[in-house]
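Note sheet for the following structure.
Read the figures in this text as sums done on the coordinates, not as results from a lab. What you see is a predicted model; the values in this text were computed from it and never measured.
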């Protein structure tokens with residue numbers, strides 16, 4: 001049975017003090033919930049990772065990093081390697097987020113190298129992918145997502161998928177207030193699972209968690225999460241408000 005996952009991507013928000021307060025508010029609120037098959041993950045900024053790891057001790061919350069560099073070390077000013085993340089206790093990293101693609105020029109080839117580096121260091125990867133608005137309007141959304149999956153994942157071995165979480169992001173629904181309908185989310189998630197099944201086999205496809213990431217909020221979370229192939233959410237803005245994030249966790 002694949003895990004349900006609610007992951008909060010905090011992006012460039014919250015210093016150390018705000019990180020502690022938000023994590024404590026979330027951990028206290030979910031302490032009494034039955035989360036046997038649910039993982040809760042938060043991804044603070046690099047400067048708050050150590051604080052976050054300390055703050056989640058003895059709780060149901062895990063900590064992920066928002067990004068990493070593909071090289072082991074070197075003259076890459078301002079970058080963070082997989083080994084550095086592991087050294088402070090990080091076990092999961094988000095890679096391929098649409099904002100990394102849009103604002104920092106990351107392409108499928110680079111993201112594939114980052115995935116390889118993460119897996120080589122036993123880091124779990126939340127791999128993000130999704131189409132732009134114009135691609136959906138042209139009815140090319142399945143083609144685009146299929147291409148992203150092929151370019152970044154098809155070189156992997158089936159056993160690598162024990163450390164892969166997939167996160168579908170309709171780019172047109174991130175930070176815009178727009179949300180894919182539950183039916184649109186299910187269509188894409190089912191398509192993704194089928195792509196993985198054709199390449200790596202049904203057992204792998206049935207075991208990999210596929211998250212939806214696109215303006216999930218308390219008012220729509222339950223309906224989105226009710227779809228067969230939607231295994232949770234990668235939450236942006238709503239994860240910065242404890243009461244909203246907890247409501248989304250409760251919805252799953």
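Rounded to the nearest 500, the helix-only mean residue ellipticity at 222 nm of the chain stands at -12500 deg cm²/dmol, with each DSSP H run of n ≥ 4 adding -39,500 (n - 2.57).
Dividing the convex hull volume of the alpha-carbon atoms in the stretch 121-252 by its residue count gives 110 Å³ per residue.
Normalising the average separation of contacting C-alpha pairs (under 8 angstrom, six or more residues apart) by the number of residues puts the relative contact order of the chain at 21 percent. Going by the alpha-carbon gyration tensor, a ≥ b ≥ c the square roots of its eigenvalues, is the stretch 1-49 rounded (a/c under 1.5) or, if a/c is not under 1.5, prolate (a/b greater than b/c) versus oblate? It comes out oblate by the Cα gyration axes.
Computed with the Debye formula from one identical point scatterer per Cα of the chain, without solvent, the log10 of I(q)/I(0) at q = 0.07 Å⁻¹ comes to -0.21.
A straight chain from residue 33 to residue 157 at 0.36 nm per residue would run longer than the Cα-Cα distance by 41.0 nm. Distance between Cα centroids, the stretch 79-148 to the stretch 1-24: provide it in whole Å. Taking the Cα centre of each part, the stretch 79-148 and the stretch 1-24 sit 19 Å apart. Expressed per residue, the C-alpha convex hull volume of the stretch 7-82 stands at 100 Å³.
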